[in-house]
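Below: one structure, written as structure tokens.
What follows is calculated from the coordinates using simple rules that are stated; it is not laboratory data. None of the values given here were measured: they were computed from a predicted structure. Because the Cβ atoms are built from the backbone with ideal geometry, glycine has one as well, and the counts that use them run over all protein chains shown.
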Amino acid sequence: MRAIAFVKSILDPEAPPGAIRFDAGKALGDVPQVLGPYEGNALELAVQIAEASQGEFRAVALGGPEQEAGLRKALALGAAQAMRVDVPSGFHDPLDTARQLKAAADALGGADVYLFGRQAGDWDQGVTAGLFAGLAGLPLVPLVQAAEVAGAGLKVRREIAGGYEEGEIAVPCVLSASNGPGTLLRLPKVKDVMLANRKPIELRAGAQSGAGFRVSDLKASVTSRAGRRIEGDLKAQAEGLAQELRRAIPGIGGGA
Amino acid sequence: MTPHRVVYWNIPGHAWMYLPFAILVIVFGYGVYRRYRVWSIGQRRPLGPLRPRLGRLLRHAGLQSRVVKRRMQGYAHVALAVAFGLLFIGTLVVMLNSDFGLPVMQGAFYLWFESFTLDVAGLAGIIALCVFLWRRYGLKPKGLSRQWPDFFVPFSLLVILITGFMLQSLRIYATHDPWGGYSFVGYALASLWGALHLGIPAALVIHRSLWWFHLLLAFSFLAAIPYSKLFHLFTGPLAIFLSEPTRASGLDSPNLETAERLGANFLSDLTVKDLVDLDACTECGRCQDVCPAFASGKPLSPKQLILDLREHAHTRPSEPLQLAIKDETLFACTTCRACQEACPVDIEHVPKIVAMRRFRAMEEGEIPAGLAEAVQGIEERGHPFRGSQASRTTWMDGLGIHEWEPGTPCDTLLWVGCAGAFDPRAQKAARALANLLLSMGEDVQVLGRRESCTGDPARRAGQEYLYQIQAQQNVELLQQVAPRRIVTMCPHCLQQIKNEYRDFGADFEVVHHSEYLSTALITGRISRAAGGKRVTYHDPCYLGRYNGVIDAPREVLAGAGMDLTEMPRHGTDSFCCGAGGGWAFREEGAPRVNRLRAKEAVDTGAEVVATACPFCLNMMSDGVRAEGGAEVQDIAEILWEQVSSTLVKD
């Protein structure tokens, strides 16, 4: 089975908000680029599918040179090929992104399974997988937490509110990966990391149409309030906390 | 008449003893060869200067300085070693007399050495062996096993010594030896034969039979030495000689680009020293007794680790080490080195554990949860504290400390460390230290955004590749900064920059803040305070055991006017807080190591528990809180609290 994982490196989502600023459509800051958490889940599923089917997977990213961190990680985890669609860093319209990723996937010869993260960890729109599936005319399973090769298709577990559901899907198909115990990205072996650093990353010229939504500003809303110390013994503190929560979040609690 | 003794009296045909002796030599030689064959598989490391090694050999093997740390069994061991040393010399004297014709078995030497001294030695040996047997089978300490060889070895020695005395007594009895009183034990026993009315012919027959039994038992015992833990007679001193002679020596820094295999998964990946260590283990259990992992019920006993590796080395030497040592055992270690400090023969457990971790981490990508995320944090953002909302400089907001800028000189560089920068509790300690330095008028700078993790958690986790990248980057940066000295509050950073970075070209003056502050107190740059609280001090492993900094933190506490009460385990014998080896970033089940240590601290009745490591600060704070005990503070916080109003500026 052949898989393509679409990976995206983003500014470290664990960085303090104050360390990131927004300028001319770009999020900037003295913060490292890391592989997006859900793209990590997608990459893990790609590795698992390739291993289970004795197939292979490729990795594609869209953006500037900052995207190479994620692609190197994919290579270290065994990607047969890594490609970067070269466009300027920053926000990209999801439909534009889906079109360019589709063209890149076609250039790589296509795949049986296309894997996305459920949403990017930075712009957070969560629609690229769906748009890609639409462009490719393929079925989409969103929020996948586990996937197993089953015959010529896949047995898939997907996240739903309060639980999960399982089902089967024939390939080719598109999956968007979510976090779960089965999609936690493994650590690459050091020898593979060392080898990955020597492997080439294929560059494909990208073209932005300029159409679609464009981000012009970004601001964090201030929601924090000064805290209040609840005095008394442990029981009094617990009761005080419960009262505060009832006051702050209408509808919770119920009885006295 | 000159006092003397007829050698081989009553033993006609004694020359036949050379037949079993020849067998002994062959069996013994083969046993040694078997061991050597395993050692020769190991990687050879350069020995370096001999003098410190010889000094350590004299202290640890000659004077048995570590053995006697445990009084009862220690002194018994020394007594046994001296006794058998003397008895061996006594046997050589007999050989010189009979085989080389040197008339040494006569005169005062015969009376005072061969008779009196050797009787004292034999008696001391018997008492020592009885102590050993009573301790192992009477007291039944947890660290000692009670398998059949554990009984066989002391019991055989006891039989050899007792039969030796019986032979002596029969000779004295049968010959009416006029100098028999010098052999006072044999003489006393001889009177027993008289009381039992043993006939002389019977005494002669018993003596002759017993002589051959004694000889064959002694030869069998000698032949068994290379096949038993008694081989530590040879491997113990060898392991001591091959051990790293300085306390601060760290781990080796392999060239990962050229290494055939990353880390150790076969005997051939270990060093000769590692393999000698396996055969040097006396199974005394001291390492296990002091191990925080073992004490807290984790699946690691340093003793069993060595015994499992030894079993593996001698039964399936070409098989992977993974068959002998499980991952949960390897990753249970806190790398505190208490085991190494306790080991009488200087077995180095931690380098073996880290070498095997390297294989798991780098060749197989296996690092336990929590620690893996910390290592990934170092790789991605230069520190292991995931989820921290602080930046590298948040802790110093409003303090007036300057970040170093390229091209500017730097006198004192404060290496804050990741904990001081990102951990809320350690940030307070960092601020106290910065306040102290600034109050002294120090031209102190920090690297701020340029500072990155030393890589210590990655190295201890086995991720040597990431560690070496961090080390090289940090050394290059520090060489560019070229500070006159570096002060750090983190013993793990101290260990890296001062000791382990030497493999990457570092040669900086690095001091721990305890050393810096104690010097400032001595020179009067900080005035002493009085009226402090009752305090106990927890020695961080990487400061005390790794770097030998024991007195300086106590001098700081004394300078702060605190009244120090020691915990039972302190100094180089301190007990780990449970944070080392990457455990600061892992979930630990009960009983937790920090609770065990915190209880010791709380039991002193101190009002304040002091420490000098940001990781210990966190672990002890957590543990002491759970034990319902006192406040936990870094020594810098205590000193700052006590002296902030009376600081003497330059």
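Residue-wise, which Karplus ³J(HN,Hα) couplings in Hz belong to the range B:574-590, taking 6.51 cos²θ - 1.76 cosθ + 1.60, θ = phi - 60°, and x for glycine or proline?
4, 9, 4, 7, x, 8, x, x, x, 5, 4, 10, 10, 7, 10, x, 7
Can you list residues from other chains, or at least 5 along the same chain, whose modelled amide H is less than 5 Å from the amide H of residue B:65?
When sequence neighbours closer than 5 places are left aside, the close amide H contacts are B:60.
For residue B:261 and residue B:196, what does the FRET efficiency come to when R0 = 60 Å and r is the distance between their Cβ atoms, rounded to the nearest 0.05?
Efficiency, from the Cβ-Cβ distance: 0.30.
Inside 10 Å of the C-beta atoms of B:354-364, what's the mean count of C-beta atoms belonging to other chains?
2
When we measure straight from the Cα of residue B:142, which aspartates and glutamates land under 17 angstrom away, once same-chain ones fewer than 8 places off are left out?
B:150, B:283, B:289
Which of the lysines could a cross-linker span from residue A:235 if the Cα-Cα distance has to be under 27 Å and same-chain partners fewer than 8 positions apart are dropped?
B:599
Treat each spin label as a single point 7 Å out from the Cα along the C-beta direction, and report the residue B:33 to residue A:54 distance in nm.
Here the answer is 4.8 nm between the modelled labels.
When the Karplus curve 6.51 cos²θ - 1.76 cosθ + 1.60 is applied with θ = phi - 60°, which whole-Hz ³J(HN,Hα) does each residue of the range A:103-112 get, with x for Gly and Pro?
Values per residue, Gly and Pro as x: 5, 5, 4, 4, 5, 8, x, x, 7, 7 Hz.
Have a look at B:178, B:88, A:101 and report the one farthest towards the positive end of the charge dipole of the protein assembly as shown, computed about the Cα centre with Cβ charges (Lys/Arg +1, Asp/Glu -1).
Going by the charge dipole, the pick is B:178.
What net charge is computed for the residues neighbouring residue B:487, neighbours being all others with C-beta under 10 Å from the C-beta of residue B:487, Lys and Arg scored +1, Asp and Glu -1?
-2
Starting from the Cα of residue A:191, draw a straight line to each of the lysines and keep only those under 26 Å, dropping any in the same chain fewer than 8 residues away.
Cα-Cα hits under 26 Å: A:8, A:73, A:199, B:326, B:352.
Counting DSSP beta bridges in the protein assembly as shown, what percent are antiparallel, to the nearest 5?
So the antiparallel bridges in the protein assembly as shown amount to around 30 percent.
Treat the count of other C-beta atoms within 10 Å as a stand-in for reagent exposure and order B:359, A:57 from fewest to most.
Lowest count first: B:359, A:57.
If the only charges are +1 at each Lys and Arg Cβ and -1 at each Asp and Glu Cβ, what is the size of the charge dipole of the range A:2-205 around the Cα centre, to the nearest 20 debye? Present the calculation step by step, with values, prior to reporting the outcome.
Numbers: 20 positive and 24 negative charges, 97 e Å.
I would put it at about 460 debye.
Could you tell me which of B:570, B:108, B:585 has its Cα farthest along the dipole of chain B towards the positive end, charges placed at Cβ (Lys, Arg +1; Asp, Glu -1), taken about the Cα centre?
The listed residue farthest towards the positive side: B:108.
Quote the Stokes-Einstein diffusion coefficient, in whole µm² s⁻¹, for the range A:144-201, based on the Kirkwood radius over alpha carbon pairs, a temperature of 25 °C and a viscosity of 0.890 mPa s.
180
Is it possible to state the helix-based mean residue ellipticity at 222 nm for chain B, with each DSSP H run of 4+ residues giving -39500 (n - 2.57), the sum divided by total residues, to the nearest 500 deg cm²/dmol? What is it?
-15000 deg cm²/dmol, from helical runs alone.
Whole-Å semi-axes of the range B:379-518's equivalent ellipsoid, largest first, each the root of 5 times a Cα gyration tensor eigenvalue?
Equivalent-ellipsoid dimensions as semi-axes: 22, 18, 14 Å.
Computed FRET efficiency, Cβ-Cβ of residue B:100 and residue B:590, R0 45 Å: what is it to the nearest 0.05?
Given R0 = 45 Å and the Cβ-Cβ separation, E is 0.10.
Please return the longest stretch of chain B lacking exposed loop sites, where trypsin sites (Lys or Arg not before Pro) count only if DSSP places them in a loop and at most 12 other Cβ atoms lie within 10 Å.
On the way: sites that count: B:44, B:142, B:146, B:484, B:649.
By the stated rule (loop sites, at most 12 other Cβ atoms within 10 Å), B:147-483.
Mean residue ellipticity at 222 nm from the helices of chain A, using -39,500 (n - 2.57) per DSSP H segment of n ≥ 4 over the full residue count, to the nearest 500 deg cm²/dmol?
Per the formula, -8500 deg cm²/dmol.
What's the Cα-based Rg to Rh of the range B:219-344, Rh via Kirkwood?
0.97
P(r) tail for the range A:85-191, what percent of Cα pairs lie past 16 Å?
Result for the distance tail: 62 percent.
Below 12 angstrom from the Cβ of residue B:585, what's the summed charge of the other residues (Lys, Arg +1; Asp, Glu -1)?
-2
Provide, in order from the shortest bin, the percent of all Cα-Cα pairs of the protein assembly as shown in each 10 Å bin, continuing until the bin that contains the maximum pair distance.
Going from the shortest bin to the longest, the percentages are 2, 10, 16, 18, 17, 14, 10, 6, 4, 3, 1, 0, 0.
Taking amide hydrogens as modeled 1.01 Å from N in the peptide plane, which residues meet the under 5 Å criterion relative to residue B:334, leaving out close sequence neighbours?
The list, which skips near neighbours in sequence, is B:293.
With θ set to phi - 60°, apply the Karplus curve 6.51 cos²θ - 1.76 cosθ + 1.60 along the range A:88-96 and write out the HN-Hα couplings as whole Hz, x wherever there is a Gly or Pro.
x, 5, x, 6, 10, 4, x, 5, 4
Binning at 10 angstrom from zero up to the longest distance, how are the C-alpha pair distances of chain B distributed in percent?
For chain B, the pair-distance distribution reads 3, 14, 22, 21, 15, 11, 8, 5, 2, 0, 0.
So who's got an amide H within less than 5 Å of the one on residue B:610, skipping anything under 5 residues away but keeping other chains? H placed 1.01 Å off N, in plane.
Hits under the 5 Å cutoff: B:536, B:537, B:538, B:633.
I want to make sure I understand the PRE zone here: with the label point 7 angstrom from the Cα of residue B:130 toward its beta carbon, which residues in the range B:54-89 have backbone N atoms less than 15 Å away?
Only B:76, B:80 fall inside the zone, counting backbone N under 15 Å.
In nm, give the distance between the simple-model label positions of residue A:170 and residue A:205, each being 7 Å from the Cα along the Cα-to-Cβ direction.
The answer from the label model is 3.9 nm.
Taking 45 Å as R0, compute the FRET efficiency from the Cβ-Cβ separation of residue B:25 and residue A:191 and round it to 0.05. Could the numbers behind the result be given before it?
On the way: r = 48 Å, r/R0 = 1.08.
So, using R0 = 45 Å, E works out to roughly 0.40.
With a Cα-only, solvent-free Debye model of the range B:62-173, what are the log10 I(q)/I(0) values at q = 0.22 Å⁻¹?
-1.23
Rounded if a/c is under 1.5, else prolate if a/b is larger than b/c, else oblate: which is the range A:2-205, with a ≥ b ≥ c the root eigenvalues of its Cα gyration tensor?
Rounded is the answer for the range A:2-205, as its axis ratio a/c remains below 1.5.
Percent antiparallel among DSSP beta bridges with both residues in the range A:2-205, to the nearest 5?
Details: 21 of 47 bridges.
Restricted to the range A:2-205, the bridges split so that about 45 percent are antiparallel.
When the dipole is taken about the Cα centre of the range B:379-518, and only Lys, Arg (+1) and Asp, Glu (-1) are charged at their Cβ, what size is it in debye, to the nearest 20?
In total the dipole reaches around 400 debye.
Mind giving me the nanometre distance, one decimal, between the label points for residue B:212 and residue B:81, set 7 Å out from Cα along Cα→Cβ?
3.8
Taking the Cα centre of the protein assembly as shown as origin, work out the dipole magnitude from +1 charges on Lys and Arg Cβ and -1 charges on Asp and Glu Cβ, in debye rounded to 20.
1920
Name the residue, out of A:230, A:201, A:169, whose mean-square fluctuation peaks in a Gaussian network model built on chain A with Cα pairs under 10 Å.
Answer for the Gaussian network model of chain A: A:230.
Of the options B:640, B:309, B:7, report the single residue whose Cα projects farthest towards the positive end of the charge dipole of the protein assembly as shown (beta-carbon charges: Lys, Arg +1; Asp, Glu -1).
The residue sitting most towards the positive pole is B:7.
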